[in-house]
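Readers should treat all values here as calculations from the given coordinates under stated rules, not as data from a laboratory. Every value quoted in this text rests on a predicted model; they were computed, and no experiment measured them. Quick reminder, even Gly has a Cβ in these numbers, built from the backbone with ideal geometry, and neighbours come from all protein chains shown.
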């Protein structure tokens, strides 16, 4: 989404949005006058800082083109340059290079500054301030957070959102402009602002550097106090007794309520400080030209080194920030991957930036798992979703399922059970099930009981996420979670949940009552029998059609009439095929349903039950054929044996994945049963009614004629009888 396509507000800006040619990364600053975002210029592949502020109804002189030009033209070693400045859809914006070292405020809070550091920073700030004033520009918001430091401790005066040309500053300004602790009384009172107003703010900032805090800890504002009293700045020696006595007088003069009593320039302030501290700019190594603005290899190495140190010290919880990560990532060809790859993978997964690439860079799957485990401890939903996605897609990791520790599973469960995002919850539960080995036995003590209780409660939800939780309970074999479900008052949902658990685990804990087990067994059988009804109907219809065609072909070819095209012959064959085929096909269908719909049951038991059900259907069909159409009740065991062979083959076929192999084996068994029973009958029966074969042939037929006919029957039944797969995946 391009954020400049509609009217904007500060709250509408978001990571990943586009503003002009810039892709916004993250908000790196916020204040009363606006917000600052880091952004990647997708054209030159550089990172910038963009300050946004909303345009009020009263448009001040900042819109003046001459004023804009003057601000953009500013060039000084200690002033952060503006590369772009303007207005867009209700927002005022300035674009500057991104400086990665933080602010002077952060530097002050991190550790006390030495007097040499203070004087060195002060000299650079004063140089920048006097340059501004020489260009007839007043900053109006000078404060330590507007002093940026790079990684080489160079400083840059920044944020000209309130800057004014001196030629237009004789007008009164709105009360509240500027930052209260640093604002002089004339700014608070909306009186005329002059360069000496910036000198006042400079004095407050010097006090902050010397003491490590604002006057009165920021609870009172000197400029505000001076609007109704003769208040002076507090003595800095209260916080640092080693400071020289004269410093108090200098700071009082610099922050005088009367602008005329303040020094005329920032350089005059620094001269007084040099005198007090008995030093000079030369002794402070204050250069007139600092290092080139930008990021070099040493900067990247410093950011990485510091980041890695903090990452280890915080057990993997430290983050660089998306902006610094992006800076380093753009220079990844210069990174020592052996040292920093795990750290960078952690950052990539945290921000969802180039995480696919960094996942592949860390070539050891166990190291990837270590990083993933550390990140899961954060219990951040977005990070967890990314980690789960990578683990599921990592074929190397899935070769080591035992590497998924209980600690890691616990972290995932804590995130999943506490998440209101049903999709994420489902993704996490599915991920645990796929990435871990199933429990060997039902265990009340597995994982934390509070997690198992929550998992049991969520499994009772009538939703996909609830079903996934139930399947996970079965996978983990958590007896505690099952007990939670058993205590639920809603019988319908309780049974549905227990059924899912049983289907996943293949069993239930021993404490589940027999009545519930019986009901679940019946539910499970019915559930499997009625799943995918279209497949069921289709499978039976094809088995019926194949049997009808095969048996009809058998009747047609063996009919005792010389003419092939005979109405009686055709109609009789059709009648026999439809009647006998409907029952024979039912036998094939029942055999396959038992074998393919109950795959989680014991294989040996399924083969027995499938064979028996198929054999019964086929036996009944051939009994009907012989009694109804041949008028000779079958005798002997050949039909029984032949049907048993065919039924057993269909049962065993259901264990095979190859459809072609199933068809070949079925055809072979049917062909063998037909020809084998006939040959036994023809060679060993004492009369034509004994040892009844599956089908009868003319005794004068050759083996070739018999085989050809049997082959047609076998082909129709085996091909159409196996065509539709009846197996189902538990939902």
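Overview of results
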read-out	value
Mean Cβ neighbour count within 10 Å, used as a protection proxy, ranking 75-83, 45-53, 485-493 highest first	45-53, 75-83, 485-493
Inter-probe distance in nm under a simple model that places probes 7 Å from Cα toward Cβ, at residue 190 and residue 531	7.5
Net length gained if the chain between residue 367 and residue 275 were fully extended (0.36 nm per residue, minus Cα distance)	27.3 nm
R0 of 41 Å, Cβ-Cβ distance residue 448-residue 723: FRET efficiency to nearest 0.05	0.25
Label zone at residue 297, where the point sits 7 Å out along the Cα-to-Cβ direction: region 330-346 residues whose backbone N lies under 13 Å	332-336
Contour minus Cα-Cα distance for residue 679 and residue 240 (0.36 nm per residue)	146.5 nm
Cα-based helix-to-principal-axis angle, 449-459 vs the chain, degrees rounded to 10	60
MRE, 222 nm, helices only [DSSP H, n ≥ 4, -39500 (n - 2.57), over the chain, to nearest 500]	-17000 deg cm²/dmol
Protection-proxy order for peptides 377-383, 544-550, each taking the mean of Cβ atoms within 10 Å per residue, highest first	544-550, 377-383
R0 of 45 Å, Cβ-Cβ distance residue 18-residue 641: FRET efficiency to nearest 0.05	0.05
Label-point gap, in nm, between residue 441 and residue 422 - each point 7 angstrom along Cα→Cβ	3.8
Rounded FRET efficiency, nearest 0.05, which uses the C-beta distance separating residue 658 from residue 575 and R0 of 30 Å	0.25
Region 104-276: radius of gyration and largest Cα-Cα distance (Dmax), Å	14.9, 43
Contour excess over end-to-end distance, with Cα ends at residue 495 and residue 312 and 0.36 nm allotted per residue	61.0 nm
Cα-based helix-to-principal-axis angle, 266-276 vs the chain, degrees rounded to 10	70
Protection proxy ranking of 502-512, 641-651 - average other beta-carbon atoms within 10 Å, highest first	641-651, 502-512
Simple label model, 7 Å out from Cα along Cβ direction - residue 627 to residue 379, nm	7.2
